[in-house]
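Below is one structure, written out as structure tokens; comments come after it.
Nothing in this text is a laboratory measurement; each read-out follows from the coordinates by a stated rule. All figures in this text were calculated on a predicted structure; none of them were measured in a lab. Please note: Cβ atoms are built from the backbone with ideal geometry, for glycine as well, and neighbour counts cover all protein chains shown.
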Amino acid sequence: MRVCILGATGLVGRELLHLIPRAWPGAQLALHASRDQELDLDGRRFEVKAAHHLDDVDATGGQLAFVALDDEHSARYVPRLLALGYRVIDKSNAYRGDPAVPLVSAGVNDGLVGEEVRLVANPNCTTIPLTLALAPLRRSFGVRAVAVSTYQAISGAGIAALDQFLLDAQVGYAAHNRLGAAFSPSGYAGNTVPHNGKTDDTGFSAEERKLMTESSKILAFPDLPISAQACRVPVAVGHYEQVWLTCEQPVTLDAVAAAWQSGAFLRIVPTVDGAGLSALACVHERDLALVGRVRLVPHDPTTVCFTVAADNLRLGAATNAVRIAARWFPAVDPTLQAPANLP
Ligand SMILES: NC(=O)c1ccc[n+]([C@@H]2O[C@H](COP(=O)([O-])OP(=O)(O)OC[C@H]3O[C@@H](n4cnc5c(N)ncnc54)[C@H](OP(=O)(O)O)[C@@H]3O)[C@@H](O)[C@H]2O)c1
């Protein structure tokens, strides 16, 4: 099988290079990025070609392509990959809202990925863990309203932002300043800032709107009453989300845990205080969403609050994409095989 990665040198592309041999050992790789280059990764050297070579008349086709580019470049290259015969999974926002393109959270609605499907959109890195946690609770208790607050790692902004953050953090923390005044009040390092890009007339940012509209599409719940706030926190990898879920009936802590047992790709953290549940804990459980810290809201027995955390580069991006592709091309590693769920 020939597997193409566009954006192979980026944060998500590099994770795919780790996962593809686990899913499909022996797959032949065709790697592309902005220019011809060599990529050194964990002691291996990969040849990477400029993406524009895909436009050549004699460009080679293949079976499966992962696109890990920004929206604009995804929209430019996805049609070409489809024309070359690839089945495509796109990680950008370019196709997520397209009613003709399935938006798939593996373990929730991957049953939509049939033989006839050629293009699938991969959701945002906060949407995947949220929908994995919500889907079993919705099945058990129904959903009346969802509110979610996210605390997102810097790697969600790509490799350039992450590298700048690491540099700024090194410099900022080198100064022993208890106020943190060595950091820029508008920068990511040593700071918490609103994830407020493209805030529109509704007052919600693009990141917040994505979480709301994508959850609704994945859960096949058009009027899902959901609101979100998103911020960036000074963590390299690992998104943390705090959720308040109002159900159609009263819930108990035991019933929540039992519902999650029926879910996919979840690790239930049983401690009431959430010990073991953190953004960085996900870096040690990269292909699962951690759920826990379940509490009943004191004034309302139908509302439960809980925490979801997941590695945004893996479960929130590359792992989900591989699990989607495993619907077409079964994965050798069973942890990368999605179970054919429908919402
Ligand atoms: N990071 C996350 O947590 C996350 C999670 C879910 C979804 N996503 C989405 O996944 C996509 C990739 O994200 P990322 O974080 O991996 O980004 P990234 O680290 O910034 O990497 C971007 C990739 O795009 C390539 N590229 C840039 N300009 C190009 C051009 N003109 N032609 C071809 N390739 C070009 C880069 O190649 P060069 O190295 O040659 O510049 C690099 O391989 C984005 O749509 C993002 O929104 C990211």
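Give me the aspartates and glutamates in straight-line cross-link reach of LYS49: C-alpha distance below 12 Å, same-chain residues under 8 apart excluded. Here the aspartates and glutamates satisfying the reach criterion relative to LYS49 are ASP36, GLU38.
Backbone amide hydrogens, once placed in the peptide plane, bring GLY263 within less than 5 Å of nothing, excluding anything fewer than 5 places away on its chain. Amide H contacts under 5 Å for GLN229: VAL148, SER149, THR150, restricted to partners 5 or more places along the chain or on a different chain, H placed in the peptide plane at 1.01 Å from N.
The percentage of C-alpha pairs in the stretch 24-97 whose separation is greater than 16 Å is 53%. Taken over the alpha carbons of the chain as equal point scatterers, the Debye sum produces base-10 log I(q)/I(0) values at 0.12, 0.13 Å⁻¹ of -0.86, -1.00. On the basis of the beta-carbon distance and an R0 of 41 Å, SER149 and GLN170 show a calculated FRET efficiency of 0.90. Ordering PRO129, HIS53, VAL78 by the projection of their Cα atoms onto the charge dipole of the stretch 45-134, which places +1 on the Cβ of Lys and Arg and -1 on the Cβ of Asp and Glu, puts PRO129 at the extreme positive end. Comparing the stretch 186-343 with the 2.2 N^0.38 Å rule of thumb, its C-alpha radius of gyration ratio is 1.11 (two decimals).
Legend: translational diffusion of the stretch 285-343 by Stokes-Einstein, Rh = Kirkwood radius over C-alpha pairs, 4 °C, 1.567 mPa s; D = 96 µm²/s. Subtracting the Cα-Cα distance of THR202 and ARG295 from 0.36 nm times their residue separation leaves 30.5 nm of extension gain.
For the stretch 272-313, backbone nitrogen atoms closer than 19 Å to the point 7 Å from CYS231 Cα along Cα-to-C-beta are found at 278-280, 306-310. The convex hull of the Cα atoms of the stretch 8-167, projected and averaged over all directions, covers 11.9 nm². Give the residue from GLN249, ALA228, ALA340 lying farthest towards the positive end of the charge dipole for the chain; charges sit on Cβ (+1 for Lys and Arg, -1 for Asp and Glu) and the dipole is referred to the Cα centre. Sorting the options by dipole projection puts first GLN249. P(r) for the stretch 109-266, please, calculated from all Cα pair distances in 5 Å bins and given in %. Computed distribution, short to long bins: 1, 8, 15, 17, 16, 14, 11, 8, 6, 3, 1, 0. Summing Cβ point charges (Lys, Arg +1; Asp, Glu -1) relative to the Cα centre of the chain gives a dipole of roughly 420 debye. The lysines whose alpha-carbon is closer than 27 Å to the alpha-carbon of LYS217, local same-chain residues fewer than 8 away aside, are LYS91, LYS198. Working from label points 7 Å from Cα in the Cα-to-Cβ sense, the GLN242 to ALA220 distance is 3.4 nm.
Working note: Karplus 6.51/-1.76/1.60 with θ = phi - 60° gives the stretch 197-211 the couplings x, 6, 5, 10, 4, 6, x, 9, 7, 4, 4, 5, 5, 4, 4 Hz, where Gly and Pro are set to x. Distance between the 7 Å Cα→Cβ label points at ALA340 and LEU84: 3.1 nm.
At most 11 other Cβ atoms within 10 Å and a DSSP loop assignment: could you name the trypsin sites (Lys or Arg not before Pro) in the stretch 181-215 that fit? It would help to have the intermediate numbers written out before the result.
Details: sites: LYS198, ARG209, LYS210; in loops: LYS198.
Answer in residue order: LYS198.
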